[in-house]
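Have a look at the structure below, then the notes.
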Amino acid sequence: MTDWTSARIPNWLTFPSMGLGLFSHTIINGSDGFLFSAQGLGLGFGLFLIVYLFGGMGAGDVKLVAAVGSLIGPSELLSALFMTALLGGLCAGGVMLTQCGLRENSRWLSTQVKTLLLTGRIPTASADSCPRLSLRYGPVIAVGTLISQLAHQSLLAV
C-alpha cells in the first residue's frame, strides 16, 4: 500500500521481513533453513539489482523482492517473479495506453524497435516520445507473489 500511495517501500517493512524469513526458516529447519532463506534473499536481490542499476525500478522494489525471497525460498521466488513479470507486462501496457494513447504509443514503440534493430542500440528518449511512464511495482510484486503461492497451494492439494 505504501508504494501505491507514496511511491516508496520503506525499510521498516522490508528489512524486518528479510529477518523474519531468515529467522523462521532457521528455527524450523536449522542451517538448511537458513541456507534456503538466504538463497531466496540473494536471488531476489541479485536479479532485481540488475534491473535497478539500469533504471528499471526503485531500490524499495529490490529490497521487497529480497524479502519475498527470504520468506518463500529460491524456487518459489522464480515462480513468483514469473507471475509478477506477466502481471507487470499487462500493467505496463495499460499504463502506456492510458498515458500516451494508442496512436502515439504505437508510433513511439515502432520508432524504438526500428532504432534498436537498425543500430543495435537501445534508443534514448526524445522530445516527441512518450512521457516517462510510472508503474508502481510493489503492488505488482505482491499480487504476482500471491497468485503464484495460491497456484502452488492448489497444485499441492491435487
Residues of region 1-50 satisfying the condition of being farther than 18 Å from E76 by Cβ and touching an Asp or Glu at 6+ places or on another chain (Cβ under 7 Å): I9
Filtered residues of region 1-19 (kept if at pLDDT 90 or above and hydroxyl-bearing (S, T, Y)): T14, S17
Qualifying residue in region 72-80 (condition: at positive phi and either of a type in the set (V, I, T) or out of contact with any Asp or Glu (no Cβ under 8 Å at 6 or more places or on another chain) (or both)): yes
Pair list, Cβ under 7 Å, 6 or more apart: region 23-36 residue in contact (Cβ under 8 Å) with a residue 24 or more places away in the chain, other residue not in a helix (DSSP H, G or I): F36/G73
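Every residue, every condition in (1) hydroxyl-bearing (S, T, Y); (2) surrounded by fewer than 17 Cβ atoms within 10 Å (Cβ to Cβ), yes or no:
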| residue | (1), (2) |
| --- | --- |
| T2 | yes, yes |
| R8 | no, yes |
| W12 | no, yes |
| I27 | no, yes |
| G30 | no, yes |
| G40 | no, no |
| M57 | no, no |
| D61 | no, no |
| L64 | no, no |
Region 136-157 - residue that is polar (S, T, N, Q) and within 24 Å of V62 (Cβ to Cβ) and, of those, farthest from the chain's Cα centre (by Cα): Q149
Helices (runs of 4 or more DSSP H) lying entirely in region 39-158 (those with 2 or more residues that are modelled with pLDDT of 85 or more and touching a helix residue (DSSP H, G or I) at 6+ places or on another chain (Cβ under 6 Å)): 59-72, 74-100, 137-157
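The values are calculated or read from the model by the stated rules, or taken from the named source; none is laboratory data. Just so it is clear, the model here is predicted, and its values are computed rather than measured. Note that we place each Cβ from the backbone using ideal geometry, even for glycine, and neighbour counts take in every protein chain shown.
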